[in-house]
Amino acid sequence: MSIVTGALRNVRDVARDPRSWWQRSKGNIELWANLIVLGWALVFMLWRGGGFAITVGSVFAIWAILAVSLNLVVGYAGLLSVGHIGFLGIGAYTTAVLTSHASYEQLRTEAIPTFGWPFFAALPFSVLLAGVVALVVGVAFNRFRDDIYVLVSFGFAVIAFTTFLSWRNLTRGAFGIHEIARPAIGPWVFDGELEFLALLLVFLGLVVLIAWLIVTSSFGRVLTAIREDEQAIQVFGYRTTHYKLAIWVISAMIAGLAGALLASWSTFIDPNSFVLLESVLLVSIVILGGLASIWGSLLGALAFVMLEEGMRFVPFLPSEFIGQIRQVILGILLVLLMLFRPQGLVGRFKL
Amino acid sequence: MSTQVDPRVYVLETREISKSFGAVKAIDQLTISILREWLTCIVGPNGSGKSTLINLLSGLLPLDGGIVVVDNVGLRVVKAHASPDHGITRTFQEVRLFDQISVWDNIMVVLTERRVFPALLERAKPSHRDEAERILKSVGMWEKRDAMAQDLSYGQRKLLEIGRAMAMDVQIYLFDEPFAGLFPRMLEQVKSILKDMREQKRSIVFVSHNMDIVRELSDHLFVLDSGTLLAAGEVEEVLARSTVIDAYLGH
Amino acid sequence: MSVARLRDASVVSFLKIREQQSRLLAMALAVAIVAYIGWKIVQSPDQALQFAFNGLAVGAVYALLAMGFTFVYSTVWFFDLYYGAAAAIGAYGVFYLRSHDVLGGQYAVNSGPVNVLFAVVTAGVAAWALHVLCYRRFQGRAQPRTLLIIGGLLAAAVGVYTGLVLANPANLHVLLSPLVAVLVTGGATWVLRRGFQRVVAPATRGPLGAMVTVAIVVGVLVAILVANTPSLGLYLSWGVACLLSGTVSLALYRGLYVTMRERANSPLIMLVASLGILLAITAFITIVFRAAPRPLPEAFGSEPWTIGGANIKGFNVFAIGLAVAGFGVLLFLVKKTAFGKAVRAIGDDEEVAKVVGINTTVIIAVVFFIGAVYAALAGLVSGHDTAIQPRMGLLLLLKGWIASVVGGIGSLYGAIVGGFALGMLEQFGIWDLAGEWRDVISFIVLIVFLSFWPQGLLPRK
């Protein structure tokens, strides 16, 4: 809340003396980060028009849900997990398998069981399965810290990816799963892109609300203390392993939700969406936006999406390189952030 | 059978506890008894095992052997997260605050719910706020409540850590060098805090190198040397013993 | 003894049992694995031999990477993920220089900007190296400006030479012959002097002029031989690839890590920064070479021999030998030389080492260089064995990291043992599974080890 009141106070002061604005905001990196990213997004939306805004908005919403969920673990609990893409994949594949109604007999590729459930029936299972897997993984991972945690979380991403690729009776391996159902409430199907965007934004709002409730609760305060000094907070009577496990499972469930939405949005998934490098990109989004800041994760996701879209309009840039150049830029940004601003653009925690 | 001591006199006892780090015996078969509602001081040369003893009592280090008796309950394993249940809290020799959160949250975090799921649903309660406000005012940090703990001066950090321990409503307080590196004004403040806590019938154990403070404050004194008990008893009497003087000057 | 005390005693014994249980579980697990492998061997000894040999061959790659990684880690105490990229640079460096040789030049790559980039990086590193190594010595003898100009020209020459070599991969044997001449001359001089001092007349300088003459003659002869042997191109490209990845690591060290370590010496910050570097270099490689897997040209020993029912490739034997030799070299450096003493001193306490008068910057730079060369060797050996793709860096790095943790973090013995052990476990693990599960097996091995033997097989003392 202090951020809001502080901002309001600033607005009031600037309104009294407009010329002081430059003096006030000159060194304020947070303000400039917000202005530049939001301004950039706004200009692009206005310039490119509605269809563009809908697509970009949908991609942004999915990344933002993921980034918020990962920030709960990295920024608040201080566990640098590089394997979160695995939970996205679990959510996506659960929804895909349960809702796909493609028949593969004609395609002469490996057939997988067809359930043909509606999306909203599969959604809870996606979330739950991600949570159950997270519980098992979390019990095994709970004793690790810092750089070893990075290594084992890499391991989780690799194991998840290999499972998606190689459990062909369930996932069709590299062929991927087609015809994943779009959400429907009674007769009303979220077929159009605009309706789906609205649904995504509703879920994003819900996730932000849940994350906000968590981090402002007593639980959230304890998490930050665990991040700062786990032994010290243990002495005050907290079973830190339970806390870490709880936030890990919650975060995984949110990532599973993002996966379910992703599967339904794109109606086709294959293991390539869940490779290790995507997971590293996700971590860089969270660090770029800001650790221990929900708004930071939203900002980071927006900057990430706009970076890609912005590069489409750089002259002489072959479109097949855009993803790679974005990766180069993110890598360099990560280095620069670690050098000059370890908390990220609007973060509250330095690694 | 003439000197049967009421077991309730001792709030915390150790029975032949040991702790080794490799070949070094940091604590060697140590048996001490700490009196209820007294200010007990532990002194000893550097490396005599004072901090190790406190770490063992608060469960930060596992015992190699022996029993810790808290309120007549014998424990062979003290778990760190269970130490408040036994009525123990502590401060650290090198201040260990939660650096990147606010002073206010540093106090609030020890007041709130311990169990995971109730903590998820709990928002800051008025009773917790009042208690945090009381603690922060009593250590003189109320004006600094919105600052990050890492931005405080050394003395303020020391005070905040003592305040954090005070916020735990327990029986036994273990203070590891609460006076080290403080300016005289803050020293007086810490002294008065300790005296107040004794008034409130708390049992306090503290480690110090400052003999003037030891003489002024403590009711009871233990002298450790190489992990064993060298002397115990009344302050003036113990400090006058030749073995104790040797231990300090002889090395 | 009160009732409460008794109750707690039972809790205690329960805890003890749990501890013993986990130890028993670990033992049972180890026994089960050994029994499984033993049963497999009895079932079909031929196949077992094949899998064991494959395990050693794969393990050699992991061991090479793990040794470099551990060497660097035990000096600066953070996990430098650049070594994944170093492995990829090693493999793709060979591909870059030999791409006209692969599948009839179908995927030939040679891009001007890349050549210029590496020329500039090499020139920069050369300038820095000249400054660090030679500036002091010549400081009093000439004007600073003269030194600056000479140093600049030398560095520029090194850069231009690198650019030329990269731009003309078909004539690698000709272009590299001067470098070979210089290196062989230097090496021969050193050998002759050491030999003379050891064998003929200790504590004398000996006939320096004669020895240098002999060395120059040897160097020129070898260079002429090299220049007339086009088939050496592949093996020369190995050297160039290793040097390139070492140069990049030096550039990163001087350009980035020195500053970062001054600002915030936190292992996690360094790890994330090096993750950024890995991301950027991987993407850069993808842009230059595309994401699809590519083969490396045929190296020697690709004809399989059959020994006891197992097919064994000569190249794999070479790889195993390379790992063992690399271990020997590293062990010699660490245990027997002044350099090794300095490295260990820095690993124990960098500040103290600085105070004692060790030039930590130079020593750490050399350590980084060696680590990158080992990683590059691992990358190109694995590339020759299978194929190369831009993502290989990250995966190889993870394997090397796992091997160093399984072997015992920070221990050189642990790195080589861990590397070979991981390779064997992986290969025996995929006996009954499909080969694509090998990464999963490595990570399961890692998690089991971290849970039961967090110190690793041979912990650092």
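Each reported figure results from applying straightforward, stated rules to the coordinates on display, with no laboratory input. Only a predicted model underlies this, so the values are computations on that prediction, with no experimental measurement involved. Because the Cβ atoms are built from the backbone with ideal geometry, glycine has one as well, and the counts that use them run over all protein chains shown.
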Could you sort out which of B:K158/B:K191; B:K137/B:K158; C:K341/C:K461; C:K335/C:K461; A:K244/B:K125; B:K25/B:K50 sit more than 20 Å apart by Cα distance in this structure?
A:K244/B:K125
Using a 10 Å cut-off around each Cβ, can you sort A:H84, A:H178 from fewest to most neighbouring Cβ atoms?
A:H178, A:H84
With both partners inside the protein assembly as shown, how many of the DSSP beta bridges are antiparallel, as a percent to the nearest 5?
65 percent
Protection-proxy order for peptides C:150-160, C:73-83, each taking the mean of Cβ atoms within 10 Å per residue, highest first:
C:73-83, C:150-160
Along principal axes, largest first, the alpha-carbon spread of the range A:74-280 in whole Å comes out as 63, 35, 24
Please give every one of the aspartates and glutamates within straight-line cross-link reach of C:K40, meaning a C-alpha to C-alpha distance under 15 Å, and leave out same-chain neighbours fewer than 8 residues apart.
C:E426, C:D432
Partner shielding of B:68-74, as the mean number of partner chain Cβ atoms within 10 Å, equals 3
Taking the simple approach of a point 7 Å from Cα along Cα-to-Cβ for both C:R460 and C:A291, what is their distance in nm?
3.7 nm
Relative to the longest principal axis of chain C, what angle (0 to 90°, nearest 10) does the C-alpha long axis of helix C:360-385 take?
80 degrees
Expected 222 nm ellipticity per residue - DSSP helices of 4 or more, -39500 (n - 2.57), all of chain C, to 500
-26000 deg cm²/dmol
I need the chymotrypsin sites (Phe, Trp or Tyr not before Pro) found in the range A:264-351, filtered to DSSP loop residues with at most 10 other beta carbons within 10 Å of theirs.
A:F313, A:F316
Proximal charge balance of A:L339 [Cβ under 14 Å; K/R count +1, D/E count -1]:
+3
Most exposed to least, judged by fewest other Cβ atoms within 10 Å, B:E131, A:E179 sort to A:E179, B:E131
Would you mind computing, in nm to one decimal, how far apart the modelled labels at B:A232 and C:V352 are, each placed 7 Å from Cα along Cα→Cβ?
3.7 nm
Per the Kirkwood formula over distinct C-alpha pairs, the hydrodynamic radius of the protein assembly as shown in angstrom is 32.9 Å
Binned at 10 Å from 0, what are the whole-percent values of the Cα-Cα distance distribution for chain A, short to long?
5, 23, 32, 25, 11, 3, 1, 0
Neighbourhood charge, 14 Å Cβ-Cβ cut-off, centred on C:L422 and excluding it, Lys, Arg +1 and Asp, Glu -1:
0
For chain C, take the convex hull of the Cα atoms, compute a quarter of its surface area, and give me that in nm², please.
30.6 nm²
Residues listed by number, the range C:105-125, amide nitrogen under 18 Å from C:N171 label point at 7 Å toward C-beta
C:110-112, C:115-116
How many nm is it between the label spots at C:I150 and A:R48, if each spot is 7 Å from the Cα in line with the beta carbon?
5.8 nm
Distance between Cα centroids, the range A:107-160 to the range C:142-186: provide it in whole Å.
53 Å
Among the DSSP H helices of chain A, those whose Cα atoms extend at least 24 Å along the helix axis and whose mean Kyte-Doolittle hydropathy is 0.0 or higher are A:29-48, A:50-71, A:119-141, A:146-166, A:193-216, A:240-266, A:294-311, A:322-340
The size of the Cβ-based charge dipole (Lys, Arg +1; Asp, Glu -1) of the range A:74-280 about the Cα centre, to the nearest 20 debye, is 460 debye
Could you work out the mean count of beta carbons from other protein chains within 10 Å of each residue's beta carbon in C:443-450?
4
By the scheme Lys and Arg +1, Asp and Glu -1, what is the net charge of all other residues having a beta-carbon under 13 Å from that of A:R326?
-3
How many Cβ atoms of partner chains, on average, are near each residue of A:270-281 if near means within 10 Å of its Cβ?
2
Helix C:177-195: angle to the longest alpha-carbon principal axis of chain C, degrees 0 to 90, nearest 10?
80 degrees
For the charge dipole of the protein assembly as shown, defined by +1 on Lys and Arg C-beta atoms and -1 on Asp and Glu C-beta atoms about the Cα centroid, which residue among C:S44, C:A338, A:A64 has the Cα displaced farthest towards the positive pole?
C:A338
Against the longest principal axis of chain B, how steep is helix B:126-138, in degrees 0 to 90 to the nearest 10, with axes from Cα atoms?
60 degrees
For the range A:261-296 and the range B:75-95, compute the distance between their C-alpha centroids and round to whole Å.
41 Å
Chain A - mean residue ellipticity at 222 nm from DSSP helices (-39,500 (n - 2.57) per run, n ≥ 4, rounded to 500)
-23000 deg cm²/dmol
Return the Rg/Rh value of the range A:93-171, two decimal places, where both radii are evaluated on C-alpha atoms and Rh is the Kirkwood radius.
1.09
Cut-off is 10 Å between beta-carbons; in what order do A:L345, B:L187 appear when sorted fewest neighbours first?
B:L187, A:L345
